[in-house]
Amino acid sequence: MTEEQAEITGGAHLARALRAEGISRVYGIPGTHNLEIFAQLAAEGIDIVSPRHEQGAGYMADGAARVTGEVQVVVTTTGPAVFNALTALLQSFTDSVPVLLVSPGMPLTHPGRGNGLLHEVRNQSQAIDAVLGDSHRVTSPGEVSLAVGQALSRMRTGRTRPAYIEIPLDLIEATGPGWLHPALARPNPAPQPSAIRTAAEALATCQRPLIIVGAGARSAGAEVEELSQVLGAGVILSSNAKGTIDDEFVNSLGAIGVLEALPEVLGAADAVVAIGTELAPSDFWPEPLPLPHTVVRIDLDEVQMLRNARVSHPIPAHAKDATIALTHRLHQTRSTSLTRAAIEWLRGWQDTITDAAKTEGAPWSQLCGALNDYTTSATSPVIVAADSTMCCYYGVQTGWAARRGDRFLYPAGAGTLGYGLPAGIGAKLAVPEARVVAIEGDGGAMFTIVELAAAVQAQVSMSVIIVDNGGYGEIRNEMADRGDTPAGVALLGPDFPALAESMGARGLHIETQEQLTTALQQAEDFAGPTLIHMTEDSRAATDMLGAARPSENSNETRREP
């Protein structure tokens, strides 16, 4: 029997197939049912990153996949471990991130109604399929390699999504013949000349054009800027598209999906070119978006053309190829006088949006100011791993001036809490030369704060900014705006710097923008994470920081910032 047809265990088939596909790192926690998998991963020389919780493993893999564009792998054990990771995989699904989850499942001959086996879940694969829509339960050791090849073929073609492979635990150590099945990916569809021609004809005479860019256009930053200049169009970004173009680009309107001014500018436009974006309510809050009659949509996902917009000119193609073709055609048909008029219209909106962003982001002006100072001095890419928290979507999303090539990793679709820290760890491990800053609120940080220990062990040099408003600030505000008495939102938080120090990280509290800038710069010289704590100047903080503190008669204590 040849090496390719070797009689090896299911765990060995998995490790060999992953290594053959170029997977050099997995994220996960060993358990009773997956020991053979981890033994074989180590034997193949695959690096194992050990989080402190499976949800952290999923977020680390997600962060690494976003910054590399490559499939990342999470390995868990059965039952609760799989479902711990599933929240992170839901986030990857909603944001189109290629993460492969692998775990054992119940044995092939397990009783249909169960018998109380450790970690028992009778329909584990079906439960995950309900979330991801892509699960494969293998039925022989040799089928593991086939499952890997098929999963990666789908994940590397068209719109990327997560996938799941379940190996019945009685097959992990069982031996059987198997072959390597290299993943295949079909070429991206080329833009049809007729679709490009009719779209260009519709755009040639528009006077108030806009371009909306999503994360599906990340590889087309320079091309988007050129299209913008030909049209005289303002460029609006989704949260995860920050860094696709330079925020200082002359026609940029920024990632303004949260601003109340967005419906006004869209309502005034006479044409929109949407590139690689879902136009989803989680990115662009006004619902439905007030789009004009002329909507040119470029997307790899044909079905996506039918969501969130009535599209007049669909172009199913790769963002870069279609943008190049459309720009080339417009060079031939677009008059310079119309472009100048469009730019004049745009400049007025840029002033309006700049003012709106400053007003809505005022409580986080020092955070954004320090981040901008830090980015300006950076000679390598800056990656901001954000949480679903006000300081990120009202503050950093609109107030941080990202350069082309910088990244803003944001949990847009599922809106999970606790994403920033582990996603930042994964991003830093994947791109060691990058400067990584994770930003979280004090409430969301507690979901995954244990991953500081993983960052310490892996010597991940990064900054973790905790912006403290005393609890769940956004929910507190929503309660108050309804006329309710806020309840269940004020939290008695820990001494965050002391907590960081107890795990082997650096911890400090800052008061000013200058102190934050200095702390970010100094964090680069520490072989591990630096946690930076700051308090928020907002109506939520004014209410909750006092409410969360113990009364004078209480024996509890809370660190005063």
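Estimate the FRET efficiency between Ala401 and Ala222 by the formula 1/(1 + (r/R0)^6), using the beta-carbon distance for r and 25 Å for R0, to the nearest 0.05.
FRET efficiency, Ala401 to Ala222: 0.85.
How much length would be gained if the chain were fully extended between Ser24 and Thr333, taking 0.36 nm per residue of separation minus their Cα-Cα distance, in nm to one decimal?
106.4 nm
Given contacts defined as C-alpha pairs under 8 Å and at least six residues apart, what's the relative contact order of segment 361-548, whole-number percent?
Details: 385 pairs, mean separation 44.6, N = 188.
Reported relative contact order: 24 percent.
On a C-alpha basis, how far is the centre of segment 22-60 from the centre of segment 123-143 in Å? Whole number, if you could?
19
Among (i) 27.9; (ii) 34.1; (iii) 25.6, find the value of mean projected area of the Cα convex hull in nm² that was calculated from the structure presented, and write down its label.
(i)
So for Met544, Met305, Met390, fewest C-beta neighbours within 10 Å to most, what's the order?
Met305, Met390, Met544
Quick one: order Val67, Val460, Val73 by neighbouring beta-carbon count within 10 Å, fewest to most. Mind dumping the intermediate values first?
Values: Val67 21, Val460 24, Val73 27.
Taking fewest neighbouring Cβ atoms as first place, the list is Val67, Val460, Val73.
Suppose each label sits 7 Å from its Cα in the direction of the beta carbon; what would the Thr198-Ser153 distance come out to in nanometres?
3.3
Run the helix sum for the chain: -39,500 (n - 2.57) per DSSP H stretch of 4+ residues, divided by residue count, reported at 222 nm to the nearest 500 deg cm²/dmol.
Rounded to the nearest 500, the figure is -12000 deg cm²/dmol.
Using a 7 Å offset from the Cα along the Cα-to-Cβ direction at both Asn188 and Ala39, what is the distance between the two label points in nm, to one decimal?
For the pair Asn188/Ala39, the computed spacing is 4.4 nm.
Give the relative contact order (percent, whole number) for the chain; include only Cα pairs under 8 Å separated by 6+ residues. Let's see the in-between values first.
Working: 1281 pairs, mean separation 72.5, N = 561.
The value is 13 percent.
Taking 8 Å as the Cα distance limit and 6 or more residues as the minimum spacing, I'd like the relative contact order of segment 90-143 as a percentage.
Taking the mean separation of contacting Cα pairs over the length of segment 90-143, I get 30 percent.
Could you work out how much longer the chain between Trp179 and Thr139 gets when fully extended? Use 0.36 nm per residue separation minus the Cα distance between them, nm to one decimal. Write out the running numbers ahead of the final one.
Details: separation 40, 0.36 × 40 = 14.40 nm, distance 1.49 nm.
That pair, Trp179 and Thr139, stretches by 12.9 nm at full extension.
Any chance you could run the full-extension gain for Asp351 through Glu302? It's 0.36 nm times the residue separation minus the Cα-Cα distance, nm to one decimal.
Between Asp351 and Glu302, full extension yields 14.0 nm more.
Using a Förster radius of 30 Å, what is the FRET efficiency between Asp525 and Ser502 based on their Cβ-Cβ separation? Nearest 0.05, please.
E between Asp525 and Ser502, to the nearest 0.05, is 0.90.
What lysines could a cross-link reach from Lys320, if we take a straight Cα to Cα line under 19 Å and drop same-chain neighbours fewer than 8 places away?
Lys242
List the residues of segment 130-164 whose backbone N lies under 16 Å from a point placed 7 Å from the Cα of Gln5 along the Cα-to-Cβ direction.
Under cut-off, by backbone N: 142-143.
Please report how far the C-alpha centroid of segment 442-489 lies from that of segment 303-368, rounded to the nearest whole angstrom.
Here the two parts' Cα centres lie 33 Å apart.
Take the Cα of Arg340, step 7 Å along the line toward its Cβ, and report every residue of segment 197-215 whose backbone nitrogen sits under 18 Å from that point.
205-209
Could you list which residues have their amide H under 5 Å from that of Asp246, counting only those 5 or more apart in sequence or on another chain, with H placed in the peptide plane?
Hits under the 5 Å cutoff: Arg404.
Determine, for Met503, Met155, the number of other Cβ atoms within 10 Å of each Cβ, and report the residues in order from fewest to most. Show your work: numbers first, answer last.
Values: Met503 20, Met155 23.
Least to most surrounded, the residues fall as Met503, Met155.
Ranked highest first by average number of other Cβ atoms within 10 Å, how do 264-270, 83-89 line up?
Values: 264-270: 17.7, 83-89: 24.1.
In descending order of packing, they fall as 83-89, 264-270.
With a cap of 12 neighbouring Cβ atoms within 10 Å, and only residues DSSP puts in a loop, list the GluC sites (Glu not before Pro) found in segment 494-539. Walk me through the numbers before you get to the answer.
On the way: sites: Glu501, Glu511, Glu514, Glu524, Glu536; in loops: Glu511, Glu524, Glu536.
When the GluC sites (Glu not before Pro) of segment 494-539 are filtered for loop state and at most 12 Cβ neighbours within 10 Å, Glu511 remain.
Under 13 Å from the 7 Å Cα→Cβ point of Glu120, by amide nitrogen: which residues of segment 79-114?
106-107, 110-114
Bear in mind that the values in this text are calculations on the coordinates, not laboratory data. What you see is a predicted model; the values in this text were computed from it and never measured. Cβ coordinates were reconstructed from backbone atoms using ideal geometry, including for glycine residues, and neighbour counts include every protein chain displayed.
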